[in-house]
Amino acid sequence: MIDVSALRHGTDVAGVAAAIDDACRTFGFFSVIGHGVPMELEQRLERSAREFFALGDDEKAAIAMATGGRAWRGWFPVGGELTSGKPDAKEGVYFGTELPADDPRVLAGVPLHGANRFPERPADLRQAVLDHLAAVAELGQAVLTGMAVGLGLGAGWFRQELTADPLVLFRIFHYPPVLPGNEQWSVGEHTDYGLITLLRQDDVGGLEVRGPGGWIDAPPVPDSFVVNLGDMLERMTGGRYRSTPHRVRNTTGVSRLSFPLFLDPGWDVDVRPIPGAEDLAVEEWERWDGRSVHDWSGTYGDYLLGKVGRVFPDLGAQVLGDGGR
Ligand code: OGA
Ligand code: NI
């Protein structure tokens, strides 16, 4: 549990940076308090999300991802997303940075860029999502300043090199209860793709993290965000920072909501090892997917497109034209 208020105010940056560095090397997961995101906003978001998921599938399908095009926004039904090749017991809505139709990237047809699909009901979901996107992306940038200092780089290093124009994706997930005897995962074991994920969860629980000694629970802590690291940070630090496997199973008997926001490198950024990465490198461990984040090179957009094709095969094949990856 790390209080990041000093980072946001530029006071004890070194102290917070050391705590973040320690967490990134051992678990690749931590929680933050002192985050500056108004809880009034989070309650507003949670309330309207709950209202949306209570609607019938027919109404939710008005903003279906399947008909939403290349921007990769909108709703998908329970079983619609495949993690580790198997359908998850969850439904959700995908959002991201809101871009107008005349944005150059939208005009050029760059995948994953565009306008969000907001439902007609509840009408206030739209503003809550946009406010949350802005507030939590800013929190993420503050966490990255601490991380940069902990890595011996200048505080502004990430923003200069990777997140001046970050890719920000945001999801709202609804996990219906998984019944006893059902082996299905709510989200199968996976790692996240980019830099950092900032996750708000309601008070139900079910998130598990693979720590050095085995799976551990990441139970909900009121007024906090869970932060975990993605594949790009593991790659950039020669494995010193861990892109930690995690998974969810909701066996509580009640519905769970979660709100992960992914603060990732800009689409065209060529993701390379950080200065001094040779001195940080640790022995590579066997990854959950048998792949290596170090054998690959290219832009973040390329990396992400390969992933999209695997978790949403139809979208990958039809819209992005890369279902074969
Ligand atoms: C994810 C994820 C966990 C959760 O979206 O990548 O791991 O609790 N979510 O929803
Ligand atoms: Ni994840």
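Shape verdict for segment 80-218, please, from the Cα gyration tensor: rounded (a/c under 1.5), prolate (a/b greater than b/c) or oblate. Oblate shape, in that a/c is at least 1.5 and b/c is the bigger or equal ratio.
Relative to the longest principal axis of the Cα atoms of the chain, helix 300-311 runs at roughly 40 degrees.
Database remark: amide H of His190 closer than 5 angstrom to the amide H of His246 (H placed geometrically; neighbours at sequence offset of 5 or more, or on other chains; Pro and chain starts carry no H). Pairing the Cα long axis of helix 39-53 with the longest principal axis of the chain, what angle in degrees results, from 0 to 90 and rounded to the nearest 10? Taking Cα atoms only, the helix is inclined about 40 degrees. Summary of the geometry: segment 43-75 and segment 146-167, compared by the centres of their Cα atoms, lie 33 Å apart.
The C-alpha atoms of the chain define a longest principal axis, and helix 125-150 lies at about 20 degrees to it. Using the average count of surrounding beta-carbon atoms within 10 Å as a protection proxy, the listed peptides 56-66, 166-176 rank, highest first, as 166-176, 56-66. Short-range pairs are left out: with C-alpha atoms under 8 Å and at least six residues apart, the relative contact order of segment 2-324 is 20 percent. Treating each Cα of segment 166-242 as an identical point scatterer and ignoring solvent, apply the Debye formula and state log10 I(q)/I(0) at q = 0.20, 0.21, 0.23 Å⁻¹. For segment 166-242 at q = 0.20, 0.21, 0.23 Å⁻¹, log10 I(q)/I(0) is -1.11, -1.20, -1.35. Label separation (Leu55 vs Met1): 3.8 nm, computed from points 7 Å beyond Cα along the C-beta direction. Apolar share of the accessible surface for the chain: 52 percent from carbon plus sulfur atoms, 1.4 Å probe. Ellipsoid semi-axes for segment 1-158, based on the Cα gyration tensor and the rule √(5λ), read 33, 19, 17 Å when sorted largest first.
Placing unit charges on the Cβ atoms only, positive for Lys and Arg and negative for Asp and Glu, gives the chain a dipole magnitude near 360 debye about its Cα centre. Summing charges over all other residues whose Cβ lies under 12 Å from the Cβ of Glu183, with Lys and Arg as +1 and Asp and Glu as -1, gives +2.
Remark: the Cα gyration tensor places segment 195-311 in the prolate category, a/c being 1.5 or greater and a/b exceeding b/c.
I need the Debye-formula profile for the chain: one equal scatterer per C-alpha, no solvent, reported as log10 I(q)/I(0) at q = 0.08, 0.11, 0.16 1/Å, two decimals. The Cα Debye sum returns log10 ratios of -0.34, -0.67, -1.58.
Rounded to the nearest 0.05, what FRET efficiency do Asp302 and Glu183 give with R0 = 51 Å and r taken as the Cβ-Cβ distance? Could you check? Between Asp302 and Glu183 the formula returns 0.90. Largest first, the three principal axis extents of the alpha carbons in segment 1-83 are 51, 30, 21 Å in whole numbers. Segment 63-145 gives an Rg/Rh value of 1.01, both radii derived from C-alpha positions and Rh following Kirkwood.
The values are calculated or read from the model by the stated rules, or taken from the named source; none is laboratory data. What you see is a predicted model, and the numbers here were worked out from it, not measured in a lab. With ideal geometry, Cβ positions are generated from the backbone for all residues, glycine too; neighbour counts draw on all protein chains shown. To get the accessible areas, we keep the full protein, side chains included, count just its heavy atoms, and leave off ligands, DNA and RNA. Shrake-Rupley method; radii C 1.70, N 1.55, O 1.52, S 1.80 Å.
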